[in-house]
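Visitor: Sharing a structure, written as structure tokens. Questions coming.
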Amino acid sequence: MKKKKVGISKSGFVKGAFIATLGIVLTKILGIVYVIPFHAIIGEEGGALYGYAYTIYILFMSLSSAGIPLAISKVVSEYQTLGYYNAKKRAFIIGKKIALLLGFICFLLLLLFAPWIAQAVLGDLTGGNTIEDVTFVIRVIGTAVLIVPVLSIYRGYFEGHRFMEAPSFSQVLEQLVRVFVIVLGSFMALKVFHLSLTSAVGIAVFGATAGAIASYLYLVMKKKKNKAKFNEKILRVNEPIITNKQIFKKIVIYAVPFIMIDVFKSLYSYIDMVTVVQGLVEYANFTVSDAESIMSMLSTWSNKFNMILLAISTGIIVSLIPNLTQSVVKKDQEDINRKVNQALSILLFFTIPMTLGISFLAKYIWILFYGPSQYGPSVLAYFIFVGFMIGLFTSTISIVQVLKDYKTVIFSLAVGVFLKFFLNDNLLVAFYKMGLPAYYGVITASIIGYLVSFLICIFQLKIKYKINYEEFAKNIVDVLCGSMLMIFVLFLLHLVLPDTSSRVISLLYVFVYTLVGGIVYFIYMWNTKSMKRIFGNRLSSKFFSFLR
């Protein structure tokens, strides 16, 4: 008897969203777990240096590849739906050429202008990391920009065919290799070979390049093995003549808004990077060491937990783009309305209770991962709401982009970044004068910027595209009630359990609080039939049976 060959299979919207989200969540969990040993190895100063490199890296990644995988996914899905198979193949080839060119240009810019960027970040501050240190780590992480853009094209090609498993696994593989290099590399550099902290951080940031190479090779192999699946012709139509120039133009038109989304999101971090340390020192009487420590919390340590929330929104977006594009091509307004409401409902179903739960448990989570800290728990308790707002904003603006309302995309992004830039120092000073933590002003500026951008998008969807939010409103009321009930039960539990600064006890507390809170929330959502409205009868029944 012959063995059945295991290939890749297509996924519907909700199933695809779960698969994509699961892969991204696993990736982010790995990204959180590794920070325990990594923080112990490099400390706050090393964390700040690592954060400087990654903030710049994310900005240049946005320029070189952020919008391309989703654009390729959208173009491939569109041509696949119409039966234009030759154009679909050429779109993949053209996309790879664009990615290679952009990646190489961004790599050269990082290589040549790293000292100037480092000077802009640190200014005349002394007593912490030096301009030479920042220059070195920026140049090292710049090598990843050569690989990741092409890798993103492969992911977009798979997702455009609604093959979600392979790109999801590739992300997990990428993170596994990256974490291995980060932890082992930094440990060997400092503890075995006794190299400098800068060298250790340089090896750690090179993990991004190593992970990208491993993931790229996996997807190349997977595509080759499943060649027949990609070449399958479902429709038989007379394909019109579509030139490479037309395909290139379509990719660019689709990619630019996505790139703008990520560039503007990166600008939030860049604004913090060039203002927070200097602002805390100049306006709030922090030492350079403490200011850099807080900056490392915002850019690296607290941000790891925001990544879990962003993983959920990213997973939903990855599955939504090709499915929503299919509905747009078919001009099925009812299906567009249903998918938009379902996507936003699924997002809030998970992220609202997670945000409130992480904020409530901030002290124990921080002790568990990083040990006792003067500022860490208070930073995490508030900064997690930035992650929530980013996820909500990214999902809505991606929907607007799929519907080709590019003016709203650019306008909402520009307004949000302007508010962030204008409010950052002003709110920092205002919070300090009110006797509140000055860094809360910086976090509030981010929340306001993303919130205003989200509201612009949500109103435009209603006015221009007649999206009816009635079902979404019902779901969000239940989600909020379930989340508040969860927090109330956790508060009662907090009154019973004694406080602790022990890492082991904190682990136990996080587990107990999460288990109790999760049970309360899911039972409430099941009994109010909200889960059935959001996920459908069959999927919600399977999900609840699994939990039970």
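Visitor: Taking the criterion of being under 21 Å from the mean Cα position of the chain (by Cα) and either small (Gly, Ala, Ser) or at pLDDT below 90 (or both), would at least one residue in segment 126-145 satisfy it?
Guide: Yes; the residues of segment 126-145 include at least one that is under 21 Å from the mean Cα position of the chain (by Cα) and either small (Gly, Ala, Ser) or at pLDDT below 90 (or both).
Results for (1) assigned by TED's automatic domain parsing to the domain that holds ILE294; (2) not hydrophobic (A, V, I, L, M, F, W, C), shown as yes or no for each residue.
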{"position": "ILE448", "(1), (2)": "yes, no"}
{"position": "LEU455", "(1), (2)": "yes, no"}
{"position": "ASP478", "(1), (2)": "no, yes"}
{"position": "MET484", "(1), (2)": "no, no"}
{"position": "LEU497", "(1), (2)": "no, no"}
{"position": "THR500", "(1), (2)": "no, yes"}
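Visitor: Just to verify a result, which residue in segment 177-206, among those that are over 22 Å from the mean Cα position of the chain (by Cα) and aromatic (Phe, Trp, Tyr), is farthest from ILE29 (Cα to Cα)?
Guide: If we take residues in segment 177-206 being over 22 Å from the mean Cα position of the chain (by Cα) and aromatic (Phe, Trp, Tyr), then PHE193 is farthest from ILE29 (Cα to Cα).
Visitor: Of everything in segment 30-49 that's under 12 Å from PHE180 (Cα atoms) and surrounded by fewer than 19 Cβ atoms within 10 Å (Cβ to Cβ), which residue is modelled with the lowest pLDDT?
Guide: Only one residue fits best here, namely LEU30.
Visitor: Which of the residues belonging to segment 371-391 are surrounded by fewer than 22 Cβ atoms within 10 Å (Cβ to Cβ) and not hydrophobic (A, V, I, L, M, F, W, C)?
Guide: GLY371, PRO372, SER373, GLN374, TYR375, PRO377, SER378, TYR382
Visitor: State whether the residues of segment 422-435 include one that is assigned by TED's automatic domain parsing to the domain that holds LYS331 and not in a helix (DSSP H, G or I). Walk me through how you get there before you give the answer.
Guide: We begin by selecting, within segment 422-435, every residue assigned by TED's automatic domain parsing to the domain that holds LYS331; these are 422-435.
Okay, now just the ones that are also not in a helix (DSSP H, G or I), so 434-435.
Yes, because at least one residue in segment 422-435 is assigned by TED's automatic domain parsing to the domain that holds LYS331 and not in a helix (DSSP H, G or I).
Visitor: So which of GLY449, GLY435, GLY441, GLY416 ends up being among the small types (Gly, Ala, Ser) and touching a Ser or Thr at 6+ places or on another chain (Cβ under 9 Å)?
Guide: GLY416
Visitor: Here is a check on your reading of the model: is ILE93 modelled with pLDDT of 85 or more and crowded, with 24+ Cβ neighbours inside 10 Å? Spell out how you get there, then give the answer.
Guide: Working: modelled with pLDDT of 85 or more: yes; crowded, with 24+ Cβ neighbours inside 10 Å: no.
Here the answer is no, as ILE93 does not meet what is asked.
Visitor: If we only count helices (runs of 4 or more DSSP H) wholly inside segment 190-283, which ones have 3 or more residues that are assigned by TED's automatic domain parsing to the domain that holds ALA53, within 27 Å of GLY142 (Cα to Cα) and of a type in the set (A, V, I, L, M, F, W, C)?
Guide: Counting at least 3 such residues, we get 197-225, 244-283.
Visitor: So which of THR143, THR130 is in the same structural domain as LEU217 (by TED's automatic domain parsing) and under 20 Å from VAL277 (Cβ atoms)?
Guide: Selected residue: THR130, the only one of THR143, THR130 that is in the same structural domain as LEU217 (by TED's automatic domain parsing) and under 20 Å from VAL277 (Cβ atoms).
Visitor: In this structure, does ILE443 turn out to be assigned by TED's automatic domain parsing to the domain that holds LYS407 and over 20 Å from PHE360 (Cα atoms)?
Guide: On the way: assigned by TED's automatic domain parsing to the domain that holds LYS407: yes; over 20 Å from PHE360 (Cα atoms): no.
When the stated conditions are applied, ILE443 does not pass them.
Visitor: For segment 454-513, which residues satisfy the criterion of being part of a helix (DSSP H, G or I), β-branched (Val, Ile, Thr), touching a residue at least 40 places away in the same chain (Cβ under 8 Å) and under 27 Å from LYS532 (Cα atoms)?
Guide: ILE458, ILE476, VAL479, ILE487
Visitor: Is segment 196-206 home to any residue that is exposed (fewer than 14 other Cβ atoms within 10 Å of the Cβ), in contact (Cβ under 8 Å) with a residue 40 or more places away in the chain and of a type outside the set (S, T, N, Q)?
Guide: Checking segment 196-206: not a single residue is exposed (fewer than 14 other Cβ atoms within 10 Å of the Cβ), in contact (Cβ under 8 Å) with a residue 40 or more places away in the chain and of a type outside the set (S, T, N, Q).
Visitor: While we're here: Restricting attention to segment 416-439, which residues are hydrophobic (A, V, I, L, M, F, W, C) and surrounded by fewer than 15 Cβ atoms within 10 Å (Cβ to Cβ)? Steps first, answer last, please.
Guide: Going through segment 416-439, the residues hydrophobic (A, V, I, L, M, F, W, C) turn out to be 417-419, 421-423, 427-431, 434, 436, 438.
PHE418, PHE422, MET434, LEU436, listed by residue number.
Yes/no per residue for (1) at pLDDT below 75; (2) buried (at least 24 other Cβ atoms within 10 Å of the Cβ); (3) in contact with a Ser or Thr (Cβ under 8 Å, 6 or more places away or on another chain):
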site	(1), (2), (3)
SER293	no, yes, no
LYS304	no, no, no
ILE308	no, no, no
THR325	yes, no, yes
VAL329	yes, no, yes
ASP332	no, no, no
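The values are calculated or read from the model by the stated rules, or taken from the named source; none is laboratory data. Keep in mind that this is a model prediction, so the values were computed, not measured. As a convention, Cβ positions derive from the backbone with ideal geometry for all residues, glycine included, and neighbour counts pool all protein chains shown.
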